[in-house]
């Protein structure tokens, strides 16, 4: 259940392992929160740390493979910089808690004005306008299906994988699950000779709870950096969009006059910890439910790692 990036990835893993797999979803892939995401690999708003690091590393490796072997998937591994605030001359910050999930990261000696430190590293970016469709096609090639269907409750027979994101709050009564609203603006990608540095993506960590990002895709640039806890509104706010554009222009001057190509807002499914566990059906019937939701702002980042665990749990239920 669920056709966002987590649901589709789990379905691909299951179908390619030989399981008869059908995805049922209220929203088809282009309508999901995943379609709004800038989809820069980054463990944001996801816990517990040990599991997140493991899932993230699995996904990093898989995205790196796709970037080199499947260019049609819309995935690239791109150099960029995470910018960290601090006073000039202040001690270097500790390594990120997730640093074991990436092959390498190096300190930045010349961060942009206003920043004392930074990390330079190569990170995967999945262009979801391409990647979600590619995932759905890979699922179809493996014999799986995607069907629009609204279910008022979880099925009580067979093996069910619950990847419904925020909808799991109503389906399971999980009040720990809540929305964190994010808004993005898409602008046309500037010509290479207009960009003053080689770093393609930028992540400004002045506020770690609301990191600001500039993420280039093949044909556009995604600008974002909002995180509104408990807000359910998915309508883009003009004032928020203007603030995002102003901040992006200050950080990357080449974006100041870039034409705006779109506005989107989505609801991240946040939880104190990702719920990834299997439970029996209430009446004890064969099969069970594998819950896989609450990925916060890291659905893409955790997708392949969580899908591997889901596959193992499903096979333990059969």
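The values are calculated or read from the model by the stated rules, or taken from the named source; none is laboratory data. Nothing here was measured: the structure is a model prediction, and the numbers come from that model. Note that each Cβ is placed from the backbone with ideal geometry, even for glycine, and that neighbours are counted across all protein chains shown.
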### Query
Which residues, taken from the stretch 218-256, are in contact with a helix residue (DSSP H, G or I) (Cβ under 8 Å, 6 or more places away or on another chain) and more than 22 Å from residue 33 (Cα to Cα)?
248, 249, 254, 255, 256
### Task
May I ask you to list the residues in the stretch 65-74 that are surrounded by fewer than 17 Cβ atoms within 10 Å (Cβ to Cβ) and farther than 20 Å from residue 310 by Cβ?
68, 69, 70, 71, 72
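Which residue out of 89, 143, 114 is under 30 Å from residue 284 (Cα atoms) and over 25 Å from the mean Cα position of the chain (by Cα)? Spell out the reasoning first.
Details: 89 fails: under 30 Å from residue 284 (Cα atoms); 114 fails: under 30 Å from residue 284 (Cα atoms).
None of the others qualify; the one that does is 143.
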## Note on the structure
residue 301: passes all of (1) crowded, with 22+ Cβ neighbours inside 10 Å; (2) assigned to a strand (DSSP E or B) but (2)
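Determine, yes or no, whether residue 77 is surrounded by fewer than 21 Cβ atoms within 10 Å (Cβ to Cβ), touching a helix residue (DSSP H, G or I) at 6+ places or on another chain (Cβ under 6 Å) and closer than 18 Å to residue 299 by Cα. Steps first, answer last, please.
Details: surrounded by fewer than 21 Cβ atoms within 10 Å (Cβ to Cβ): yes; touching a helix residue (DSSP H, G or I) at 6+ places or on another chain (Cβ under 6 Å): yes; closer than 18 Å to residue 299 by Cα: yes.
Yes; evaluated as a whole, the condition is true for this residue.
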### Task
Would you be able to tell me the number of residues in the stretch 288-298 that are touching a helix residue (DSSP H, G or I) at 6+ places or on another chain (Cβ under 6 Å) and closer than 15 Å to residue 311 by Cβ?
3
### Task
Confirm whether residue 306 is in contact with a strand residue (DSSP E or B) (Cβ under 6 Å, 6 or more places away or on another chain) and under 22 Å from residue 77 (Cα atoms).
yes
### Message
I'm trying to understand the selection: among the residues of the stretch 93-112, which are surrounded by fewer than 18 Cβ atoms within 10 Å (Cβ to Cβ) and over 25 Å from residue 47 (Cβ atoms)?
### Response
106, 107, 109, 110, 112
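One line per residue, one yes/no per condition, for (1) without any contact (Cβ under 8 Å) to a residue 60 or more places away in the chain; (2) touching a helix residue (DSSP H, G or I) at 6+ places or on another chain (Cβ under 7 Å); (3) farther than 23 Å from residue 305 by Cβ:
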residue	(1), (2), (3)
94	yes, no, yes
99	yes, no, no
132	no, yes, no
144	no, yes, no
147	no, no, yes
154	no, yes, yes
157	no, no, yes
163	no, yes, no
166	no, no, no
### Query
What number of residues within the stretch 1-57 are closer than 12 Å to residue 305 by Cβ, touching a strand residue (DSSP E or B) at 6+ places or on another chain (Cβ under 9 Å) and surrounded by fewer than 20 Cβ atoms within 10 Å (Cβ to Cβ)?
1
### Message
For the stretch 212-265, which positions are modelled with pLDDT under 95, surrounded by fewer than 19 Cβ atoms within 10 Å (Cβ to Cβ) and part of a loop (DSSP other than H, G, I, E, B)?
### Response
218, 219, 256, 257
### Query
Which of the residues belonging to the stretch 146-185 are within 19 Å of the chain's Cα centre (by Cα) and either exposed (fewer than 14 other Cβ atoms within 10 Å of the Cβ) or part of a loop (DSSP other than H, G, I, E, B) (or both)?
163, 164, 177
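Restricting the search to the stretch 30-49, which residues are part of a helix (DSSP H, G or I) and either within 16 Å of residue 294 (Cβ to Cβ) or touching a residue at least 24 places away in the same chain (Cβ under 8 Å) (or both)? If you could, list the steps in order and put the result at the bottom.
Taking the stretch 30-49 first, the residues part of a helix (DSSP H, G or I) are 30-31, 33-35, 49.
Scanning the stretch 30-49 gives 30, 33, 34, 35, 49.
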### Message
For residue 90, only one of the following conditions fails: (1) surrounded by fewer than 20 Cβ atoms within 10 Å (Cβ to Cβ); (2) assigned to a helix (DSSP H, G or I); (3) free of Cβ contacts under 8 Å to residues at least 60 places away in the same chain. What is its number?
### Response
(2)
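Kindly evaluate residue 137 against the criterion of being over 30 Å from residue 252 (Cβ atoms) and part of a helix (DSSP H, G or I). Quick ask: steps written out before the conclusion?
Details: over 30 Å from residue 252 (Cβ atoms): yes; part of a helix (DSSP H, G or I): yes.
Here the answer is yes, as residue 137 does meet what is asked.
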